[in-house]
Structure formats: C-alpha cells, structure tokens
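Heads up, the thing below is written out as structure tokens.
The values are calculated or read from the model by the stated rules, or taken from the named source; none is laboratory data. Source: prediction; values computed, not measured. In this analysis, Cβ positions are derived from the backbone assuming ideal geometry, glycine residues included, and neighbour counts consider all displayed protein chains.
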Amino acid sequence: MTTVRSEAPTASAQADRGDFATWYGLEHSRVCATLGLAIGDRGLAEEATAEAFARALAAWPHVSAKASPTAWVYTVALNEVRSRLRRLRLERRHTARQRLGYHPPPPDPDPQLWAAVAQLPPRARQAIALRYVADLSEAEVAEAMGISRGTAAATLSKARKRLADLLAPRSAR
C-alpha cells in the first residue's frame, strides 16, 4: 500500500501565484474603475471585476500566456455584466407578470389543431408553442430559441401558412 503525500507547491507554482498577485495589484483598481464608468453602476462593476479576476486566477497559466491578460479580464467582466443584466431583466419581467395576477392556462385546442401542429417541422412547432401557448412576443420567441427576431418572424409566418393549409376544408385546397 502506497501513501500519497501532499507536497508543498513548487517554486514555479509559487512564482506563478506571485506573478498573479503583482498583476492583480497593478490592474484591479483600474479595471474596476473603468468598468464602473462604462456601465454606470459601481456595485455591479465591483462584482463583475471580482468574478473576472477570480476566473483569471483559476486559469492563470492560460491567462498569463495571453498577449494581454488585462484585455481577457475586461472581456470576462463585461460578459459577466451582460449576464447579470440579462438575468435581472428576466427577473423583472417574471415579477411583472406575477403582479398581474393568475392567468389560467389556455383552453385545450381542438384535436385537429394539435394534429396539424404535430405535422410542422420541429423549429416551427417550437415557435408556434412559444408564441401562442406560452404567449411570448416575437422578440421573446427569438430569444428563447436563440435565433434572430427576423428568423423567428419568418418561421412563425411559414408555420401559420402551413397550419392554414393543413386546417383548410378539403374542398378549399
């Protein structure tokens, strides 16, 4: 039976951490101030800066090899700001919907309509469900599906036309 010993960090690892500490000391306040000015919210800037530097430390060998580790930190911090703002918008939208009160689910559609929707391609089915069952706007459908608003509009238009064709009386076809 062998015993695994925990060894002290190597001199190289200690030097890498020292390099990070020096770089952090030089860049942190400037990144935080610049981000605060760019987004107009000092608290959010401080949180995003802290997250970006924490990620830099976790990936320091990779980050320190970049041409500009500071540019990498700015990118990570700005992405963090975008994520937090997007999350905040979703939370506000959800809260606003909750304030409007309870909305019962839509009535079950006609079985013939379900059968027609089932014949649509997957993306068209998703768009129809999000738009007309979940009652999302076109922009929200696009965001939920990860497509542009124009693509969502075109997908919905084609899906509605296909549904109209499928649901038209046989004599009208």
- For region 50-79 the number of residues that are farther than 17 Å from Arg30 by Cβ and in contact (Cβ under 8 Å) with a residue 12 or more places away in the chain is 5
- Message: As an exercise: evaluate Glu80 against (1) of a type in the set (Asp, Glu); (2) under 20 Å from Arg162 (Cβ atoms); (3) under 14 Å from the mean Cα position of the chain (by Cα) and give the number of the one condition it does not meet.
- Response: (2)
- Query: Among Arg97, Arg131, Arg86, which is the only one that is outside any loop (DSSP other than H, G, I, E, B), modelled with pLDDT of 90 or more and either out of contact with any Ser or Thr (no Cβ under 9 Å at 6 or more places or on another chain) or not assigned by TED's automatic domain parsing to the domain that holds Glu46 (or both)?
  - Reply: Arg86
- Report, by residue number, each residue of region 114-124 that is surrounded by 15 or more Cβ atoms within 10 Å (Cβ to Cβ) and part of a helix (DSSP H, G or I). Ala116, Val117, Arg123, Ala124
- Query: Would you call Pro105 at pLDDT below 80 and surrounded by fewer than 13 Cβ atoms within 10 Å (Cβ to Cβ)?
  - Reply: yes
- Run down Ala58, Ala48 and say which single residue is at pLDDT 95 or above and in contact with a helix residue (DSSP H, G or I) (Cβ under 6 Å, 6 or more places away or on another chain). Ala48
